[in-house]
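Read through the structure below, which is laid out as structure tokens, and then see the notes.
The values are calculated or read from the model by the stated rules, or taken from the named source; none is laboratory data. Quick caveat: nothing in here was measured; it's all calculated off a predicted structure. Methodologically, a virtual Cβ is constructed for each residue, glycine included, from the backbone with ideal geometry; neighbour enumeration extends over all protein chains shown. To get the accessible areas, we keep the full protein, side chains included, count just its heavy atoms, and leave off ligands, DNA and RNA. Shrake-Rupley method; radii C 1.70, N 1.55, O 1.52, S 1.80 Å.
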Amino acid sequence: MLYSIIVSAGLENIAREELSARFADTGHLKILERKPQRILFQYAGNPRELLSLRTAEHLFLILKRIPKMTRSRSSLAVLSGSLKRLSFKEGFECCRQVGINVRKRMPFRVTSRLSGKRNFRRLDLQRVIERALSERGWYLASTKAALDVWAEVHGDDGYISIKLSSNDMAQRPYKQAHIPASLKPTLAYSMVRLSKPHPDDVFLDAMCGAGTILLERALMGRYRYLIGGDVSTEALDATVTNFGRKHQPRQFFHWDARTLPLQPNTVDKIVCNLPFGETIRNIPQLTNLYRHCLKEYARVLKPRGRMVLLTSQRTLLDDELEQLRFLSVRQRLTVDVRGKQAWIYVIHFA
Ligand SMILES: C[S@@+](CC[C@H](N)C(=O)[O-])C[C@H]1O[C@@H](n2cnc3c(N)ncnc32)[C@H](O)[C@@H]1O
């Protein structure tokens, strides 16, 4: 069966790696294409397993892909016409496997997405798919139980898919307490992945907020020790709530990350979402924070350690790294954070 996962902009390669790492050995996976915010693949196993992907925002079963969509309205007819003779048997079996209740007269609703210049509107796309499925005996409904059909046209590609994931695929049950500017779990997971987790890791997030990065690390596999800290007691309370009693050994500190109460060369991995300047708007203050934190991170990091930092203040971070010649940026990824451009830096000792 053909599937796609939707990921945040900039995380496509990490999502592809996760798919391969988790499912290539099963012999059931064949990755077909990497598109902006989307990975297309075939999977012969149970789709329920795919719901555990941690980079993905959504999982879709693709019923039909039309690879040559043009601007013209006639390509709409091609897309809807392709549903006329389509067998839903295997697709329905996939739906059952993820717990969707399938019926002969299937209640459904259509969500449409369109990008690029077209001679038709998003609503035209939606209507033709609604009509085509109604002609197959399905009926339009807005109930919770209705099948979520997505009709999308992006570039040359048209897709008609069924959304298999619930809206909270990308949410995590641990996230009970929130703070403003808390990181998306999918992005936190991707940063942790870039740190190349190892069972012996002493892992630090010195500005842990609600603890998303630390929790994603805890859930990713064995570690030696987790250390988190924050200058805000509200943030620390949120971390403690989100951890509950699970994931030992770990320790949380109320601290200023500019002076860490940690011995030199004791931490293997530092993964941190640096303040973007939304709360600290004062540039000299933000510069001071970045400067002193970087020095502290470099002091506590072991010589073969790794830092993975997220910031929207690229110039500021670049300027500060310029002063610390013993650090070297191995990778820099452009990502989208709440609609704002940001960068993930992977840093080693030079
Ligand atoms: C962008 S948020 C991190 C969000 C976190 N990754 C999450 O998912 O919840 C930045 C955090 O840095 C903390 N912070 C700001 N300045 C700090 C400092 N000097 N020392 C320690 N923490 C600081 C803030 O209180 C805030 O919780």
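Things to note:
- Test: residue in segment 101-121 that is within 30 Å of ASP336 (Cβ to Cβ) and touching a residue at least 60 places away in the same chain (Cβ under 8 Å): no
- Failed condition for ARG304, given (1) away from the ligand (no atom under 16 Å from the Cβ); (2) closer than 26 Å to PRO180 by Cβ; (3) assigned to a strand (DSSP E or B); (4) of a type outside the set (A, V, I, L, M, F, W, C): (2)
- Cβ-Cβ distances below 6 Å connect the following pairs, each with a first residue in segment 177-191 that is among the aliphatic types (A, V, I, L, M), a second residue that is part of a helix (DSSP H, G or I) and within 8 Å of the ligand (Cβ to nearest atom), and a separation of six or more residues or different chains: ALA177/ALA238; ILE179/ALA235; ILE179/ALA238; LEU183/THR212; ALA188/THR212; ALA188/ILE213.
- Scanning segment 185-222 for residues that are open to solvent by 10 Å² or more (accessible area, probe 1.4 Å) and more than 22 Å from the chain's Cα centre (by Cα) yields PRO199, ASP200, VAL202.
- Of the listed requirements (1) over 18 Å from LEU204 (Cβ atoms); (2) out of contact with any Asp or Glu (no Cβ under 8 Å at 6 or more places or on another chain); (3) surrounded by fewer than 19 Cβ atoms within 10 Å (Cβ to Cβ), GLN313 misses just one: (3).
- Among residues of segment 168-179, those that are open to solvent by 40 Å² or more (accessible area, probe 1.4 Å) and over 13 Å from the mean Cα position of the chain (by Cα), counted: 4
- Within segment 223-245, being open to solvent by 20 Å² or more (accessible area, probe 1.4 Å) and among the aromatic types (Phe, Trp, Tyr) holds for TYR223, TYR225.
- Residue list for segment 225-247, filter: aliphatic (A, V, I, L, M), more than 9 Å from the ligand (Cβ to nearest atom) and under 18 Å from PRO261 (Cβ atoms): LEU226, ILE227
- Against the conditions (1) closer than 25 Å to LEU29 by Cβ; (2) in contact with a helix residue (DSSP H, G or I) (Cβ under 9 Å, 6 or more places away or on another chain), ASP156 satisfies every one except (2).
- Taking (1) surrounded by 12 or more Cβ atoms within 10 Å (Cβ to Cβ); (2) within 22 Å of ALA188 (Cβ to Cβ); (3) in contact with a Phe, Trp or Tyr (Cβ under 6 Å, 6 or more places away or on another chain) in turn, GLU320 satisfies each apart from (2).
- So THR266, is it within 16 Å of the ligand (Cβ to nearest atom) and hydroxyl-bearing (Ser, Thr, Tyr): no
- Taken as a whole, the structure leaves ARG16 outside the set of residues that are closer than 26 Å to ASN119 by Cα and either open to solvent by 40 Å² or more (accessible area, probe 1.4 Å) or outside the structural domain of VAL149 (by TED's automatic domain parsing) (or both).
- Among the conditions (1) open to solvent by less than 10 Å² (accessible area, probe 1.4 Å); (2) near the ligand (Cβ under 10 Å from one of its atoms); (3) in a helix (DSSP H, G or I); (4) of a type outside the set (Phe, Trp, Tyr), the only one that GLN285 does not satisfy is (1).
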